[in-house]
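The values are calculated or read from the model by the stated rules, or taken from the named source; none is laboratory data. As the structure is a computational prediction, the values presented were derived from the model and not from experiment. All Cβ positions, glycine included, derive from the backbone under ideal geometry; neighbour counts span all protein chains shown.
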Amino acid sequence: MTKHLSIFFAGLAAVFLTSCGQGDILYVSDVVVNLSPVEGNPSSGYAKIHGGTEDVTLISVTADDVMRMEMHETVEEDGVAKMQNLEKALIPAGETVTFEPGGKHLMIWGIGGGSVAQGTLKMIFIFSNDDRIVVNAAIKKIGAPDSETEKADSSE
Ligand SMILES: [Cu+2]
């Protein structure tokens, strides 16, 4: 006599081990705008973009209170540094991409007087995964020291 054993396929309970540590979140830090001292000339912007759990692409950075903002990259060609438009920037998972002088940077035209007076510019970083990260960039006058202790140039 053969004993027939029916096999039941138990639904496989997929166990998702999600790690939700701080380092796994896509975020933006150290956002600074170096205000051009010459009216009409573009200001430059710098930031650190920290990758999350998946590779994403930074596709745009915008702000309401500017006339125009572009992503640029400084590249060296035959020993000469020149800027070119940066369509997008890959932000690999778990890595930090830095926008800094001599590399990737933002060029900003026509920052509103209110933002300048306030010393901050609200910017939105838009990513390929539809994340929109709003940051308040600190506006610095070019030539001013990095530290919070500003040298008072009191010639008045
Ligand atoms: Cu540029």
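None of 123, 71, 107, 67 is loosely packed, with under 13 Cβ neighbours inside 10 Å and in contact (Cβ under 8 Å) with a residue 12 or more places away in the chain except 67.
Taking the condition under 18 Å from residue 125 (Cα atoms) and among the polar types (S, T, N, Q), does residue 62 pass?
Working: under 18 Å from residue 125 (Cα atoms): yes; among the polar types (S, T, N, Q): yes.
Here the answer is yes, as residue 62 does meet what is asked.
Tell me, yes or no, whether region 66-83 has at least one residue that is part of a strand (DSSP E or B), away from the ligand (no atom under 16 Å from the Cβ) and closer than 17 Å to residue 132 by Cβ. No - not one qualifying residue is present in region 66-83. Among the numbered conditions (1) modelled with pLDDT under 95; (2) within 24 Å of residue 39 (Cβ to Cβ), the only one that residue 137 does not meet is (1).
Take the conditions out of contact with any strand residue (DSSP E or B) (no Cβ under 6 Å at 6 or more places or on another chain) and modelled with pLDDT of 95 or more and apply them to residue 143. Does it pass? No: the conditions fail for residue 143.
The residues listed here are 114, 52; of these, the one that is within 18 Å of residue 25 (Cα to Cα), away from the ligand (no atom under 15 Å from the Cβ) and outside any strand (DSSP E or B) is 52. Restricting attention to region 98-137, the residues being of a type in the set (Lys, Arg) and over 30 Å from residue 81 (Cβ atoms) number 2.
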